[in-house]
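The values are calculated or read from the model by the stated rules, or taken from the named source; none is laboratory data. Here the structure is a predicted model, which is why all the values come from computation and not from measurement. Here the Cβ positions follow ideal geometry from the backbone for every residue, glycine too, while neighbour counts run over all protein chains shown. All accessible areas refer to the heavy atoms of the entire protein, side chains included, with ligands and DNA or RNA removed. Shrake-Rupley method; radii C 1.70, N 1.55, O 1.52, S 1.80 Å.
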Amino acid sequence: MQLRYNFRAYPTPGQQVELARAFGCARVVFNDGLRARQQAREHGLPYVSDAELSKRIITQAKTTAQREWLADVSSVVLQQALADLNTAYRNFFASITGKRKGRKVAPPRFRSRKDNRQAIRFTKNARFKVLDNGRLRLPKIGDLAVRWSRTLPSDPSSVAIIKDAAGRYFASFVVQVADEALPPVESEVGIDLGLTHFAVCSDGTKVAAPRFLRRAARKLKRLQQALSRKQRGSQNRKKAVVKVARAHARVADTRRDWQHKLSTTIIREKQAVYVEDLCVAGLGRTRLAKSVHDAGWASFTGMLEYKAARYGRAFGRVDRFFPSTRMCSHCGRINAKMALNVRTWDCPCGSHHDRDVNAAKNVLAAGLADNGNDRGAQVRPGLVPAPRGEAVTHPDVACSRRSVEGISVLQGGEDVKAELHMHR
């Protein structure tokens with residue numbers, strides 16, 4: 001299994017200039033390649049192949065006066081920028097032809113120099129190296145200081161240098177890790193995700209929603225108001241933008257750390273974990289959008305999935321149209337729809353249910369039924385005729401996928417050297 005290990009990097013002022021040059025050259029190569037393919041399509045010419053694009057945009061461009069400064073950065077950075085463009089095109093073609101599942105992927109768009117997040121990637125061909133003194137040696141950049149919070153399990157196959165909106169630098173290593181099977185345990189759990197309680201387990205355990213964004217709302221409001229008062233294009237506005245980005249980054253880091261701790265605890269204590277396949281993209285368009293995004297269900301279930309695969313646990317997703325809330329976990333009867341304010345309800349069979357705990361029990365039963373049972377026992381409640389008003393067919397809604405990020409289109413070429421001289 002391949003995993004990413006992220007570490008904070010601290011480049012010197014001179015290295016920051018070199019990284020800015022590498023970011024700009026990678027962006028220019030990406031935009032030149034995209035522009036070449038768009039012009040070929042507009043003139044009815046054949047699709048420019050990957051090899052031809054690399055020869056035209058990188059090799060031949062270095063010999064011209066307009067792009068001779070591309071030789072100032074590592075060629076691997078430029079090749080990886082074109083590789084990202086080729087991957088974006090393949091995903092787009094696979095999406096429109098139906099080979100890629102999920103939401104339709106948009107065609108690649110031009111990268112903007114105004115984007116606050118920049119990244120470049122070095123592969124083994126670049127011969128980057130982690131030195132004995134803990135520094136990361138990168139070609140044509142130098143030795144970067146890295147704060148190592150843990151050791152790498154194996155030699156990295158690539159490293160990405162990322163600058164986020166808050167102005168922080170990160171070194172993201174891709175490493176191969178071996179599966180570490182944990183000792184088997186008997187307990188299995190179904191999890192119902194919500195807003196009042198972040199997670200409700202089938203054994204009755206309830207995890208309160210931390211609401212990191214809501215707790216930081218007052219500070220974010222104050223910083224956003226200060227940003228709105230700054231004059232556009234001024235240096236004070238740029239400083240205010242960084243302050244807002246740092247506040248949001250602190251919220252995101254806190255949420256990610258909390259989710260990692262919770263998901264690791266669940267995987268270690270449970271042999272099998274089953275969750276409901278929620279349509280987060282659809283819920284993000286409702287009046288509960290802010291709370292839904294603050295919860296971070298998609299990232300949490302993603303952590304559960306890859307950690308279960310790494311540590312030898314079972315993980316499954318239950319269909320989003322499975323009536324886990326309205327089905328009685330005791331008799332299997334499907335009752336009428338309930339409003340969100342109904343937290344407890346009684347079944348005609350005499351069972352009294354907590355709404356979330358009952359849903360978690362049904363998720364567990366459905367997950368066990370889908371993944372089989374060694375004894376062949378009936379683990380899911382028997383089929384019950386649906387009420388007349390509910391006998392409908394749900395459409396097959398695709399899973400939410402992130403499309404290519406939409407950024408402003410740059411019509412003309414860019415001169416990275418001129419941009420660096422302006423900053424100096």
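General remarks:
- Carbon/sulfur fraction of accessible area - the range 59-142, other protein chains in place, 1.4 Å, %: 46
- Full-stretch length increase - residue 215, residue 235 - with 0.36 nm per residue and alpha-carbon distance subtracted: 4.3 nm
- Comparing 234, 102, 248 along the charge dipole axis of the chain, the residue lying farthest to the positive side is 234, per the Cβ-charge model.
- Shape call, the range 3-126: gyration tensor on alpha carbons, a/c limit 1.5: oblate
- With kT/(6 pi eta Rh) evaluated at 20 °C and eta = 1.002 mPa s, and Rh the Kirkwood radius from Cα pairs, the range 121-204 diffuses with a coefficient of 129 µm²/s according to Stokes-Einstein.
- Computed FRET value (nearest 0.05) for residue 287 with residue 132, which takes r as the C-beta separation and R₀ as 56 Å: 0.50
- Cβ-based charge dipole, the chain, positive-most Cα from 23, 204, 1: 23
- Summarising the label geometry, the points placed 7 Å from Cα in the beta-carbon direction at residue 59 and residue 6 lie 3.7 nm from one another.
- Förster radius 41 Å - calculated FRET efficiency between residue 174 and residue 338 (Cβ-Cβ, nearest 0.05): 0.35
- For residue 322, no residue 5 or more places off, or on another chain, has a built amide H under 5 Å of its own.
- Nonlocal amide H pairs with residue 102, under 5 Å, H built at 1.01 Å: 399
- Note on residue 124: aspartates and glutamates with a C-alpha under 15 Å away, same-chain residues under 8 apart excluded, are 155.
- Phi to ³J(HN,Hα) by Karplus 6.51 cos²θ - 1.76 cosθ + 1.60 over the range 108-113, Hz, x for Gly, Pro: x, 10, 5, 7, 9, 6
- Local electrostatic count, residue 193, Cβ distance below 10 Å [Lys/Arg +1, Asp/Glu -1]: -3
- Dividing the Cα radius of gyration of the range 191-288 by 2.2 N^0.38 Å, with N the residue count, gives 1.45.
- Hits among aspartates and glutamates - C-alpha to C-alpha of residue 55 under 18 Å, sequence gap 8 or more where chains match: 32, 68, 72, 84
- Share of carbon and sulfur in the accessible heavy-atom surface of the range 165-259 [1.4 Å probe, %]: 50
- When each of 163/307; 140/163; 114/243; 206/261; 114/163; 307/361 is checked by Cα-Cα distance, pairs over 24 Å: 163/307
- Rounded FRET efficiency, nearest 0.05, which uses the C-beta distance separating residue 349 from residue 90 and R0 of 51 Å: 0.45
- For the options 275, 241, 159, a Gaussian network treatment of the chain with springs between C-alpha atoms closer than 10 Å singles out 241 as fluctuating the most.
- At q = 0.13, 0.14, 0.20, 0.26 Å⁻¹, base-10 log of I(q)/I(0) for the range 1-70 (Debye sum, equal scatterers on each alpha carbon): -0.57, -0.63, -0.89, -1.12
- Accessible area expressed per residue, the chain, with surrounding protein chains retained (probe 1.4 Å, Å²): 58
- The phi torsions of the range 181-190, fed into the Karplus equation with coefficients 6.51, -1.76 and 1.60 and a -60° offset, translate into couplings of 5, 7, x, x, 10, 8, 7, 10, 9, x Hz, rounded to whole numbers, with Gly and Pro shown as x.
- 5 Å binning of all Cα-Cα separations within the range 310-363, expressed as whole percents from 0 upward: 4, 19, 29, 21, 10, 7, 5, 4, 1
- Positive-end ranking of 119, 170, 220 along the dipole of the chain, with charges on Cβ about the Cα centre, is headed by 220.
- Dipole size of the chain about its Cα centre, with +1 on Lys/Arg Cβ and -1 on Asp/Glu Cβ: approximately 2100 debye, rounded to the nearest 20.
- From phi via Karplus (6.51, -1.76, 1.60), per-residue ³J(HN,Hα) for the range 305-317 in Hz, x at Gly/Pro: 5, 6, 6, 5, 5, 6, 9, x, 9, 8, 9, x, 10
- Choice from 201, 328, 349 with maximal GNM fluctuation in the chain (Cα, 10 Å cutoff): 349
- Distant-in-sequence amide H partners of residue 158 (H built 1.01 Å from N, under 5 Å): 174
- Fully extended contour minus Cα-Cα distance, from residue 155 to residue 226, at 0.36 nm per residue: 21.0 nm
- The average projected area of the range 215-349, computed from the convex hull of its Cα atoms over all directions, is 11.9 nm².
- For the chain, the longest principal axis of the C-alpha atoms and the axis of helix 235-269 are separated by about 40°.
- Legend: Rg and Dmax of the chain, from Cα coordinates, 25.8, 83 Å.
- When the Gaussian network model of the chain links Cα atoms closer than 10 Å, the mean-square fluctuations of 330, 248, 43 top out at 43.
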